[in-house]
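To start, the structure itself, in structure tokens.
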């Protein structure tokens, strides 16, 4: 899901053969076109040197008023009608000169999908001028730093942005334009990024065959699984598979569910696929929001925000999917508690019968192999919201969202802590950690002194309830697990534990 050029996808710099299709000779560039040392303001130190931009030999033809005689909004209209990197370069330059930060989301989209090195340079210069942040000269790094700035500033891109973005994204994949038209909220739309793959470009699993513990002799004791229990049936989804496919439409005891895993934010959630009496089949959309996966369903083509389970565009916009409790656990520990668990069989290579010349996709399923480079550093690949440094950006947290209140527990601390009680609002939560994850139970209706100390019976922390030594049982509630940046991007009002003071 890294940054890709649209060269080869049809959005390319026009060549000299099109010179006869011009509305006039190119006017002088409105900004310096040679390499210059940029500054962030009067008296500031030199910050970055960007390569020179090029002056086009021709300007593509437009309907009506020639492109060079239009104002900025008119040039944007021309770009929407006939997208090309020459128009993109002129637009980027003028946006930067305007001094209006509302153009930042537009520039970020042009930087991502602008189709030429020249556009990369022009958008970087423009974003440097609007933000005061020095350009790095690397398009990938600049897209990240300016994207983080724009996201954190919550910049409203203003009128016209929806039409601009949907048209531009339609070049990356024909479905994107239609899908994004259903978002309607330009501030949400500004946060959406192309992940670099087409719709369903990461092939989902559909009712993948399940096998017994005895049949799963390829599994290793220490590898991690996403464990669930639905209607008494335990199922373990190996991360070795989910990290490659990211999505598994499944049935457990007849209930249609989807295990959806976001590799970039390291979070797996089990959703109920039933919405308004219809069973939905999910796919990877190819798009991201705050570096979090966006799903799309085949039946209604609604876009779904993975971490929140909320429809963000389409017929089910605003609907929140029901979910089940999921825990990250070692395979041997999950099996010890659930000896009758089922797990997934090894997926077969994906073939393309409608494309006989296309080779099948075969994945490497060695545990920990997928995204190993990404997980080895604190760097992100796509813009996220700036967050408090109470946790590292990609530190794993166990999270709970109850009645509009949110809390994040540092996983590394929870794993080694004795079972403890945390009060969220007026609800006591019992937190029981284990290697790789945790379970959370509700003490609602009980006075805090009745849970202090939290005296758990031997083997009392089950997937259903927490049994205390005095015989009381606390019901388990849904909790999640993700990187800190992902949780904070969705819950800026979250509290956290441990609370460093």
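Taking residue 202 as the residue in question, decide whether it is modelled with pLDDT under 95 and over 26 Å from residue 480 (Cβ atoms).
So residue 202 does not fit the description; no.
Determine which single condition residue 498 fails, assuming it passes every other condition in (1) in contact (Cβ under 8 Å) with a residue 40 or more places away in the chain; (2) within 23 Å of residue 323 (Cα to Cα).
Going through (1) in contact (Cβ under 8 Å) with a residue 40 or more places away in the chain; (2) within 23 Å of residue 323 (Cα to Cα) one by one, residue 498 breaks only (2).
Can you tell me how many residues in region 278-289 are within 17 Å of residue 169 (Cβ to Cβ) and either touching a helix residue (DSSP H, G or I) at 6+ places or on another chain (Cβ under 8 Å) or without any contact (Cβ under 8 Å) to a residue 60 or more places away in the chain (or both)?
4
State all residues of region 409-423 that are closer than 23 Å to residue 449 by Cα and within 27 Å of the chain's Cα centre (by Cα); if no residue qualifies, say none.
409, 414
Going through region 460-470 one residue at a time, which ones are over 21 Å from residue 399 (Cα atoms) and touching a strand residue (DSSP E or B) at 6+ places or on another chain (Cβ under 8 Å)?
Selection gives 460, 467, 468, 469.
Just wondering, is there one or more residues in region 339-347 that are more than 19 Å from the chain's Cα centre (by Cα), without any contact (Cβ under 8 Å) to a residue 40 or more places away in the chain and assigned by TED's automatic domain parsing to the domain that holds residue 218?
No, that holds for no residue.
Being farther than 21 Å from residue 497 by Cα, free of Cβ contacts under 8 Å to residues at least 24 places away in the same chain and either in contact with a strand residue (DSSP E or B) (Cβ under 9 Å, 6 or more places away or on another chain) or not assigned by TED's automatic domain parsing to the domain that holds residue 410 (or both): is that true of residue 455 here?
No, not satisfied.
Take residue 413 and tell me if it is without any contact (Cβ under 8 Å) to a residue 24 or more places away in the chain and not assigned by TED's automatic domain parsing to the domain that holds residue 289.
Taking the combined requirement at face value, the residue does not satisfy it.
Looking at residue 471, is it free of Cβ contacts under 8 Å to residues at least 60 places away in the same chain, surrounded by fewer than 21 Cβ atoms within 10 Å (Cβ to Cβ), outside any loop (DSSP other than H, G, I, E, B) and in the same structural domain as residue 401 (by TED's automatic domain parsing)?
no
Taking region 220-266 as the region of interest, how many residues are closer than 19 Å to residue 364 by Cβ, without any contact (Cβ under 8 Å) to a residue 60 or more places away in the chain and not in a loop (DSSP other than H, G, I, E, B)?
The number of residues fulfilling the criteria is 3.
Are any residues in region 424-460 under 30 Å from the mean Cα position of the chain (by Cα) and surrounded by fewer than 16 Cβ atoms within 10 Å (Cβ to Cβ), and if so, which ones?
Hits for region 424-460 are 425, 435.
Counting only residues that are under 15 Å from residue 489 (Cα atoms) and either in the same structural domain as residue 289 (by TED's automatic domain parsing) or in contact with a helix residue (DSSP H, G or I) (Cβ under 6 Å, 6 or more places away or on another chain) (or both), which one in region 121-150 is surrounded by the fewest Cβ atoms within 10 Å (Cβ to Cβ)?
My answer is 149.
Taking only region 248-277 into account, find how many residues are in contact with a helix residue (DSSP H, G or I) (Cβ under 9 Å, 6 or more places away or on another chain) and either within 15 Å of residue 309 (Cβ to Cβ) or at pLDDT below 95 (or both).
7
Which residues, counting only those in region 151-163, are crowded, with 18+ Cβ neighbours inside 10 Å and under 20 Å from the mean Cα position of the chain (by Cα)?
151, 155
The values are calculated or read from the model by the stated rules, or taken from the named source; none is laboratory data. Worth saying up front: this structure is predicted, and the values here are computed from it rather than measured. FYI the Cβ positions are ideal-geometry reconstructions off the backbone, even for glycines, and counts take in every protein chain you see.
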